[in-house]
Amino acid sequence: MTRAADSEPTPRRLTAREAAIRLGVKVETIYAYVSRGLLDRVPSEDGRTSLFDARSVERLAGKRRGGVRVGGLAVVLGTGLTLIEPERVSYRGLDAGELAGRAPFERVARWLWLGEEPPEQPAAAGDAPWHATEEALAVARDTQRSLPPGTSTADRVRAIASAVGPTDPLRFDLSPRAVAGTVSRLIAVMVEGLPVIQQEASGDAHEVDEHTIASRLWARLTANLPDPEDLHALNAALVLTADHGLAASTLAARVAASVRADPVSVVASGLGTLAGPLHGAASAPVHRLFEEVDHPDRATAVLGDFMRRENRIPGFGHLIYKDWDPRARVLLEQLRACGRDAQRLDVVECMLELLLDRIDVRPNIDFTLGALSYVSGMNERAGETLFAVARSAGWTAHALEEYREPALRFRPRAHYTGPAPTSADSAAAG
């Protein structure tokens, strides 16, 4: 009989570089941890390199974060989608920052979903624009008419995603290409179902370029007519926010996929998690801060008052990145290339210069999403809408991974902390 211990899998080993990426430190620091007894080093089979037990690295990562907080959960899942490093984010091995500079969001989404058609290559003949079905679009517009005036575009997107599922009776086909088709149509209706913003000067609607998701989304977030550089920046923002590992909304999407929810419901699960202010909507306070400044001459006074009032600076600092969020660097360069509104861009630059001189943490993606919405003349929750549309692609990619895993694998154990049970008789006697 084979003993249980003999059947245990060999512990996963990490190279020094992989361990350094997981801990957010330099490779040299890994060997310093070894010398201090914090990590155990295991020689490789050839004896020329060192390997590290992945479980030991995870334990050290928990200690460096102060451990998992009381009531918190630590979930580690294998994924072949997105690698997060201190200096870059990669999608299936391709640098997301480089893709943001040249690849359409639609191609990047399909790369995440199917791992085919490398998105940096020229467009293929089959790259037709994503469009909603007429039936789904009719339901989406009926849903919009039922919402109260002033409903944000982010809430409108959530309402659309919840309403249009029944229009696609084949959405339960969970094969990869079927899922890709379902979600490309879903993302299209999430955008096309939103009202086009009227031009303030003339009252005329935008002449919307229907070819890309970026161009259709722009017309629904601002009354300003776009230059090609504007659409390039918006497309870059969509690419950069498409996925970022196991964020809260992505975990929710994977849990839904583990019970074999259809992809429309998976996206709706992710959208529900975005409804809180701490994930996806974090660019709104950045936008409000820029609006409060509104002129470079007011930056110092407004920033001082804001810091005294709020005791924090939105859009700075990240749980993963010790320095700049690499996505923020890329999007800021795209925004600088637009020249959309020189004075508003000066406000962003002035605020950035002031903050970089005075605080230790660095900008994250929410800072540049807030800057994009402010400079482009969008409302303060436009960044949340953009994030929701883009991350729908990432949730779908994770769902496709999860569909290949054993079903129902997410089952955390609960530790009961309520009152001790009593019988009906003893309760009556008391």
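Listing for the model above:
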{"item": "Only listed residue being surrounded by fewer than 16 Cβ atoms within 10 Å (Cβ to Cβ), outside the structural domain of residue 251 (by TED's automatic domain parsing) and touching a Ser or Thr at 6+ places or on another chain (Cβ under 7 Å), chosen from 408, 369", "result": "408"}
{"item": "Listing of helices (runs of 4 or more DSSP H) fully contained in region 5-117 that carry 1 or more residues being polar (S, T, N, Q), at pLDDT below 90 and surrounded by fewer than 19 Cβ atoms within 10 Å (Cβ to Cβ)", "result": "27-35, 54-64"}
{"item": "Test: residue 221 is modelled with pLDDT under 95 and under 30 Å from residue 319 (Cβ atoms)", "result": "no"}
{"item": "Residue 235 modelled with pLDDT under 95 and polar (S, T, N, Q)", "result": "no"}
{"item": "First in region 163-183 and in a loop (DSSP other than H, G, I, E, B), second anywhere and of a type in the set (Ser, Thr, Tyr), Cβ under 7 Å, 6 or more apart", "result": "168/182; 171/182; 174/403"}
{"item": "Those residues of region 195-209 which are part of a loop (DSSP other than H, G, I, E, B) and either more than 21 Å from residue 155 (Cβ to Cβ) or modelled with pLDDT of 95 or more (or both), in sequence order", "result": "199, 200, 201, 202, 203, 204, 206, 207, 208, 209"}
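The values are calculated or read from the model by the stated rules, or taken from the named source; none is laboratory data. Everything numeric here is computed off the predicted structure, so don't read it as measured data. All Cβ positions, glycine included, derive from the backbone under ideal geometry; neighbour counts span all protein chains shown.
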